[in-house]
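Read through the structure below, which is laid out as structure tokens, and then see the notes.
The values are calculated or read from the model by the stated rules, or taken from the named source; none is laboratory data. Note that the structure is predicted; figures quoted are calculated from it, not measured. Note: ideal-geometry Cβ built from the backbone for every residue, glycine included; neighbour counts use all protein chains shown. The area values use the complete protein model at the heavy-atom level, side chains included, leaving out ligands, DNA and RNA. Shrake-Rupley method; radii C 1.70, N 1.55, O 1.52, S 1.80 Å.
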Amino acid sequence: IIRRLALGGMGVIYLARNEGAAGFIRPVVVKRIIPEKMSSSSVTQGFAREARILSNLRHPGIVGILDFREEDGAYLMVLEYVHGFDLGRWQRYAINHRGQLPVDLVIHVTLAMLDALHYAHTLVGPDGVPLDIVHRDISPSNLLIDVDGPIKLTDFGIARMQASSDEFRTEEGKIRGKFHYLAPELFGRTEPSACTDVFSAGVMLHELLAGSNEFRTEDVQATVARVL
């Protein structure tokens, strides 16, 4: 472990170094559950679910998982390192120093994200059965842009995958994701789908072009009302 990169409500992310034989070194990201949440079965199950979903995804536009293990009674993920920043941070930098992001760049980034989403939405398992993976949290903060150009979709923490059991499904009636990016039908308890991911991508595209999210407010009920 080199240093902490981010702390969320459920997990903490570290920059780390993977060391091997003959001087082999490469940067990686380690994600693990914060100690206060380790006793929560729903959190640990969700963390393991994310790892299993990521294990099916092998696409240049999706941050890959390198390892998943248990250490000191807690799960941790080792993820591909992206040397750059999330799209939200790039946007704030551009607004503060250069004005809005260039339209052609916004379109390029959005198309790259849609390509990664299409892969996840249409992926089939080894048995030929569609996995129907839905990200459920499309937003600028979950799209990483490497300083050398590659664009990577990340954070499948609340993603779901169609399976024979309910293992990959969240509690019935529970709305997950950032409300100001969600499709309106989700507030009517419609199941998340590829369509709701694409709607969120459209909201994100509009925000990047216009400079603000028209649905975002300080009040949750007001935000939902605007979306509806």
(message) Taking the Cα of residue 38, stepping 7 Å toward and past its beta carbon, and measuring to each backbone N in segment 1-17: which are under 18 Å?
(response) 1, 4, 7-14
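I need the trypsin sites (Lys or Arg not before Pro) found in segment 55-164, filtered to DSSP loop residues with at most 15 other beta carbons within 10 Å of theirs.
On the way: sites: 58, 69, 89, 92, 98, 136, 152, 160; in loops: 58, 98, 136.
Sites meeting the loop and neighbour criteria: 58, 98.
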(request) Mind jotting down a quarter of the surface of the convex hull over the alpha carbons of the chain, in square nanometres, one decimal? (result) 14.5 nm²
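Given charges of +1 on the Cβ of Lys and Arg and -1 on the Cβ of Asp and Glu, with all other atoms neutral, how large is the dipole of segment 1-80 about its Cα centre, in debye to the nearest 20?
Numbers: 11 positive and 8 negative charges, 40 e Å.
About 200 debye.
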(message) Considering the Cα positions of segment 188-227, please state its Rg to one decimal place and its Dmax as a whole number of Å.
(response) 11.4, 30
(request) Place a +1 charge on the Cβ of each Lys and Arg in the chain and a -1 charge on the Cβ of each Asp and Glu, then give the dipole magnitude about the Cα centre in debye, rounded to the nearest 20. (result) 480 debye
(request) For segment 76-141, count the residues as N, evaluate 2.2 N^0.38 Å, and divide the Cα radius of gyration by that value, please. (result) 1.45
(message) Nearest 500 deg cm²/dmol is fine: what mean residue ellipticity at 222 nm does the chain get from its DSSP H runs of n ≥ 4 alone, each adding -39,500 (n - 2.57), divided by its residue count?
(response) -10000 deg cm²/dmol
(request) Please work out the C-alpha center-to-center distance from segment 132-155 to segment 22-82 and express it in whole Å. (result) 16 Å
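Solvent-accessible area per residue for segment 62-181 at a 1.4 Å probe radius, Å²?
In whole numbers, segment 62-181 has 53 Å² accessible per residue.
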(request) Using the Kyte-Doolittle scale, find the helices of the chain whose mean hydropathy is at least 1.6 and whose Cα atoms extend 18 Å or more along the helix's long axis, counting only whole DSSP H runs. (result) none
(request) Keeping every protein chain in place, order 197, 127, 155, 115 by accessible area at 1.4 Å, biggest value first, i.e. largest first. (result) 127, 115, 155, 197
(request) Determine the percent antiparallel among the DSSP beta bridges restricted to the chain, to the nearest 5. (result) 95 percent
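In debye, nearest 20, what is the charge dipole magnitude of segment 103-228 about its Cα centre with +1 on Lys and Arg Cβ and -1 on Asp and Glu Cβ, if you could check? If you can, show how the numbers build up before the last one.
Numbers: 10 positive and 19 negative charges, 49 e Å.
Taking the Cα centre of segment 103-228 as origin, the dipole is about 240 debye.
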(request) Quickly rank 37-43, 25-31, 183-189 as a protection proxy: mean count of other C-beta atoms within 10 Å, highest first. (result) 25-31, 183-189, 37-43
(request) For segment 169-222, build the charge dipole from Cβ charges (+1 Lys, Arg; -1 Asp, Glu) around the Cα centre, then report which of 204, 192, 221 sits farthest towards its positive end. (result) 192
(message) Quick check: pseudo-label points 7 Å beyond the Cα along Cα→Cβ at residue 92 and residue 194, how many nm apart are they?
(response) 3.4 nm
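With all protein chains present, how much of the accessible area of segment 39-128 (probe radius 1.4 Å) comes from carbon and sulfur, to the nearest whole percent?
Details: 2670 of 5030 Å².
Carbon and sulfur: 53 percent of the exposed surface of segment 39-128.
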(request) Write down Rg/Rh for segment 1-122, rounded to two decimals, with Rg from the C-alpha atoms and Rh from the Kirkwood relation over Cα pairs. (result) 1.02
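State, as an integer percentage, the relative contact order of the chain based on alpha-carbon contacts under 8 Å between residues 6 or more apart.
Working: 361 pairs, mean separation 36.2, N = 228.
Relative CO of the chain lands at 16 percent.
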